[in-house]
Amino acid sequence: MTRIGLKEFRQDVEKYAKVAKSDEVVVFKHSKPLFRIAPLTEDPWEEVIDFTKIKKGGVDIDDLLARL
């Protein structure tokens, strides 16, 4: 676990936003933890429907939106 100050996080946010698979970053302000950045433990996306199964090559987005 990496511990950094809020000022350091703001100055180099891109460095800490890319968290390694096994690492997490805890950001502190005045010696109090503010938030934690950690890698996802599971896939956050859920497949609702696969449009390539409906029509080869998928469905045109404009056609799909027009039907909603």
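The values are calculated or read from the model by the stated rules, or taken from the named source; none is laboratory data. Keep in mind the model is a prediction, meaning the values are calculated, not measured. For accessibility, only protein heavy atoms count, side chains too; no ligands or nucleic acids. Shrake-Rupley method; radii C 1.70, N 1.55, O 1.52, S 1.80 Å.
The table below gives the values:
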| quantity | calculated |
| --- | --- |
| Viscosity 1.306 mPa s, temperature 10 °C, Stokes-Einstein D of the chain from Kirkwood C-alpha radius, µm²/s | 102 |
| For region 1-56: accessible area per residue (Å², 1.4 Å) | 95 |
| Percent accessible area from carbon and sulfur atoms, the chain, protein chains only, probe 1.4 Å | 52 |
